[in-house]
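Single-structure report; data block below.
The values are calculated or read from the model by the stated rules, or taken from the named source; none is laboratory data. Predicted model, so just to flag it, every value in this text is computed and none were measured. Don't worry about glycine lacking a Cβ; one is built from the backbone with ideal geometry, like all the others, and counts go over all protein chains shown. Quick note on the areas: whole protein, heavy atoms, side chains included, nothing else; ligands and nucleic acids left out. Shrake-Rupley method; radii C 1.70, N 1.55, O 1.52, S 1.80 Å.
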Amino acid sequence: MSLFRQALFLLDITRSQGIVRRYFVVNGFDGALTMLGLIMGFIVSEPVDLSMIISVCLGAAIALGMSGISSAYISESAERKYALGKLERSMISDLHGSAHGVASRWVPLLIGLVNGLAPLVISLLILLPLWLAHAGVNLPFSPLYAASFVALLLTFLLGVFLGRISGVTWLRSGIQTLLVALITASLIYFLAGN
């Protein structure tokens, strides 16, 4: 069995697919809004060197990733140990070597990775225009505005993903998440820019 199929099997027997999807969307959304917030802060502030903007945003992205991995791993590990102990007591059996025992050890790591990698990867995608501009690539407009556009696009796509999962119209769901991002950007622009 491939590693991917084994991971899917472990998620299936623990009924954790929904948790993984929620963590992906919630923390991906956190990453997108955090980067959008930082970028909007740089847009409304005095001009700063692009390398400093990249460093600040990258630091926040790494912190989001590490926080996501560690917090989800710790909490999910405790939950899985509790669930395994409860199952062992009801079956009056040691399940350490069983599929449920393996799942109790590996599922928290899988969930932690999704929880941490979602905001990190989304943040890195948002920072792509900044890196390109820093490398000398001519962009059609300011790298900060290009990064803001990527953040808005990814936020919309996360909404589309949620809509597809929930059976709600994908366009409606995408527009809802996009509106949250636009309101966030507007609040920063009007409150921090004055």
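Residue count for region 5-58 satisfying the condition of being among the hydroxyl-bearing types (Ser, Thr, Tyr), farther than 23 Å from Ser186 by Cα and open to solvent by less than 70 Å² (accessible area, probe 1.4 Å): 4. Scanning region 138-153 for residues that are open to solvent by 30 Å² or more (accessible area, probe 1.4 Å) and under 18 Å from Asp30 (Cα atoms) yields a count of 4. Does Ser166 fit the bill of being free of Cβ contacts under 8 Å to residues at least 60 places away in the same chain, under 19 Å from Gly18 (Cα atoms) and not aromatic (Phe, Trp, Tyr)? Yes; evaluated as a whole, the condition is true for this residue. Return yes or no: is Gly159 at pLDDT below 90 and either open to solvent by less than 30 Å² (accessible area, probe 1.4 Å) or over 14 Å from Gly65 (Cβ atoms) (or both)? Against the criterion (at pLDDT below 90 and either open to solvent by less than 30 Å² (accessible area, probe 1.4 Å) or over 14 Å from Gly65 (Cβ atoms) (or both)), Gly159 does not qualify. Every residue in region 170-194 that is over 23 Å from Ala118 (Cβ atoms) and surrounded by 13 or more Cβ atoms within 10 Å (Cβ to Cβ), please. Within region 170-194, Tyr189, Ala192 qualify. For region 86-120, the candidate set comprises residues that are more than 20 Å from Arg5 (Cα to Cα) and surrounded by 15 or more Cβ atoms within 10 Å (Cβ to Cβ); within that set, the residue that is modelled with the lowest pLDDT is Leu95.
So, Gly65, is that one farther than 18 Å from Leu132 by Cα and loosely packed, with under 15 Cβ neighbours inside 10 Å or not? Steps first, answer last, please.
Values: farther than 18 Å from Leu132 by Cα: yes; loosely packed, with under 15 Cβ neighbours inside 10 Å: no.
Against the criterion (farther than 18 Å from Leu132 by Cα and loosely packed, with under 15 Cβ neighbours inside 10 Å), Gly65 does not qualify.
With respect to Ala32, determine if the residue is modelled with pLDDT of 85 or more and either closer than 20 Å to Phe149 by Cα or part of a helix (DSSP H, G or I) (or both). Spelling it out, Ala32 is indeed modelled with pLDDT of 85 or more and either closer than 20 Å to Phe149 by Cα or part of a helix (DSSP H, G or I) (or both). Applying a threshold of 9 Å to beta carbon distances and a minimum spacing of six or more residues, or different chains, the list of pairs starting in region 39-50 at a residue that is touching a residue at least 12 places away in the same chain (Cβ under 8 Å) and ending at one that is of a type in the set (Asp, Glu) and assigned to a helix (DSSP H, G or I) is empty. Among residues of region 130-157 that are within 13 Å of Ile39 (Cβ to Cβ), those with a beta-carbon under 7 Å from a residue that is β-branched (Val, Ile, Thr) and open to solvent by 30 Å² or more (accessible area, probe 1.4 Å) at least six positions away or on a different chain give the pairs Leu144/Ile43.
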